[in-house]
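Worksheet: the structure to be examined is printed underneath.
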Amino acid sequence: MTQSASTILILGASGDLSARLLLPALGQLLTKQPDLGLQLVGAGQEELTPEAWRDVVEGAFKTSEATGSAVEKLLATTEYHHADVTKPAEMKRLLAACSGTPAIYFALPPAVTARVCDALAEVTLPEGTQLALEKPFGVDEAGAVELNTGLAKLVPENQIHRVDHFLGRSTVLNLLGLRFANRLFEPLWNGDNIAKVDIVYDEQIGLEGRAGYYDHAGALIDMIQSHLLQVMSIVAMEPPSTVEAADLRDAKGAVLRATRVRGGSPEKSSRRGRYTVGTVAGRELVSYVDAPGVDPANKTETLAEVTFEIDTWRWAGVPFTVRSGKGLGAKRREIVITFKPVPHLPTGLLGQEDPTVLRIFLAPDEMALELNINGPGDPHQLERVSLGATFGPGQLLAYSEVLEGIIEGDPSLSVRSDTAEQCWRIVAPVLEAWRTDAVPLDDYPAGSQGPADWPQIR
Ligand code: BG6
């Protein structure tokens, strides 16, 4: 029986992640579910008075319009401790400040997280303690294995939540519902009928002052390794028996274990680009290399595109292209399923021969099915139409959905140890080819669609 957490202990509580995402999500969750009755303990390197800490929490709660009795109670009781969380004695002190079962949230860089895990190995953790970690989970496959080995000594895998906000409940369930609740799609969801799958997450924002992290990660690690391979695994998974953690995570793991860079060739199957000065939505972005904190010698890409193959009966021969970048002219966040052309178009039907395309848009969650129908006027003439639907917003922010899973001890939305390692294994040949310049680093002006000679994903 899983125990719900009663206190959330945030390590790195004075940092940006906590204020921008975590605390607003917590406030929203308590507003919608006051029965959770959570306490909050913050810990960090910064010295904060109780008033200053309450201001931080209150300010963050305002951004998610958090209100109600549970919010008030939390604000009245929350504590902040100035602590070096890499020291076992300090962690003991922090755990003693938690009432009931704690959920420990590591809002910390990976190197510090690893040191905290070492410290926790010397502490007896309360029964049912949940651990939540932010990406990146390690810096390569070996690092992920090492981190996972350390974590496994602390609590069972089902109590470890590797957070990926792309796996918010609504996104996952929307994809599963569309695929598995419609006889129309699932029988066609394979390489006999699908020509290609593209997953695109183009952002307009630039570096946003995150050079310290991003200049060592780049688009491949920041988005493809961390998030979009997870999304791909849901698009490509075998039908799970239930939407429980074990079934979902087994099905995702099977896809990722079968995933490789297409043709085993990063040279042919990957592209990288970096934005130069330009204007995005009326706002001027300086060249990536001129942004404060960027070291041009890191050759960090701000746009990455990799084509994968999934070596299974269902997907043999189907390219899965995953792309994400920053400083691009248009926000584009979609999964594009392009079906194969019909085997024969009756002679006499004219015009449109484009194949059926299903687009699943992320945030806002919508879909469009593009079909050919007989247009007005000449009934021989085919025209393109798009049938659209919206999935409707989830009740909670993606981060609140993930947080709910952590508090309830339900790991179905989080990344399991083996899949975290697989995602590193999958991108390793690309990272190596890029490191040795076997793939050129192309330029694109901020505000464009990417390097001019890259084929467009339609
Ligand atoms: C984060 C990445 O995990 O996801 C960011 O570090 C990226 O670089 C962000 O901008 C995208 O997610 P969202 O939900 O903000 O669109």
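The values are calculated or read from the model by the stated rules, or taken from the named source; none is laboratory data. Source: prediction; values computed, not measured. A quick note on method: Cβ atoms are made from the backbone with ideal geometry, for glycine too, and the neighbour counts reach across all protein chains shown. Each accessible area value is taken on the protein alone, full model and side chains, heavy atoms only, with ligands, DNA and RNA left out. Shrake-Rupley method; radii C 1.70, N 1.55, O 1.52, S 1.80 Å.
The three principal axes of the C-alpha atoms in the chain carry coordinate ranges of 78, 49, 42 Å, sorted with the longest axis first.
When the dipole is taken about the Cα centre of the stretch 289-333, and only Lys, Arg (+1) and Asp, Glu (-1) are charged at their Cβ, what size is it in debye, to the nearest 20? Please report the intermediate quantities before stating the final value.
Numbers: 7 positive and 6 negative charges, 68 e Å.
Charge dipole, the stretch 289-333, about its Cα centre: 320 debye, nearest 20.
For the stretch 1-124, give the percent of accessible area contributed by carbon and sulfur heavy atoms, probe 1.4 Å, rounded to a whole number. Carbon plus sulfur share of accessible area: 52 percent. Relative to the longest principal axis of the Cα atoms of the chain, the long axis of helix 110-120 lies at roughly 40 degrees. Scaled to the globular estimate 2.2 N^0.38 Å, the Cα spread of the stretch 1-140, given as radius of gyration, is 1.00.
Tilt of helix 23-32 relative to the longest C-alpha principal axis of the chain, in degrees (0 to 90, nearest 10)? Tilt relative to the chain: about 90 degrees. Can you give the log10 of the normalised intensity I(q)/I(0) at q = 0.14, 0.15, 0.16, 0.20 Å⁻¹, computed with Debye over equal Cα scatterers of the stretch 305-345? With no solvent term, the Cα-only Debye profile gives -0.50, -0.56, -0.62, -0.81. Normalised by residue count, the stretch 175-305 yields a Cα convex hull volume of 160 Å³ per residue. Rolling a 1.4 Å probe over the protein heavy atoms of the stretch 126-225, with every protein chain left in place, gives an accessible area that is 55 percent carbon and sulfur. Taken per residue, the accessible surface of the stretch 343-401 reaches 60 Å², heavy atoms only and a 1.4 Å probe.
With every protein chain kept in place and ligands, DNA and RNA left out, what is the accessible area per residue of the stretch 37-167? Probe 1.4 Å, answer in Å².
I get 46 Å² per residue for this part.
By accessible area, using a 1.4 Å probe on protein heavy atoms only, the stretch 317-359 has 56% of its surface on carbon and sulfur.
In a simple Cβ point-charge model (Lys, Arg +1; Asp, Glu -1; nothing else charged), the stretch 5-88 has a dipole of about 240 debye relative to its Cα centre. Taking the Cα centre of the chain as origin and assigning +1 to Lys and Arg Cβ atoms and -1 to Asp and Glu Cβ atoms, the resulting dipole is close to 540 debye.
With contacts taken as Cα pairs under 8 Å at a separation of at least 6 residues, the chain carries a relative contact order of 19 percent. Principal-axis analysis of the Cα atoms of the chain puts helix 417-435 at an angle of about 60° to the longest axis.
What separates the Cα centres of the stretch 279-335 and the stretch 88-167 is a distance of 30 Å.
Cross-linked pairs K32/K73; K135/K299; K32/K62; K268/K331; K62/K135; K87/K153: Cα-Cα separations exceed 23 Å for K268/K331; K62/K135.
In terms of the mean number of neighbouring beta-carbon atoms within 10 Å, the peptides 334-344, 105-115 order highest first as 105-115, 334-344. In straight-distance terms, cross-link reach from K196 covers every one of the aspartates and glutamates whose alpha-carbon lies under 19 Å from its own, apart from those fewer than eight places away in the same chain; here that gives E186, E238, E305, E309, D311, E334, E353, D354, E370.
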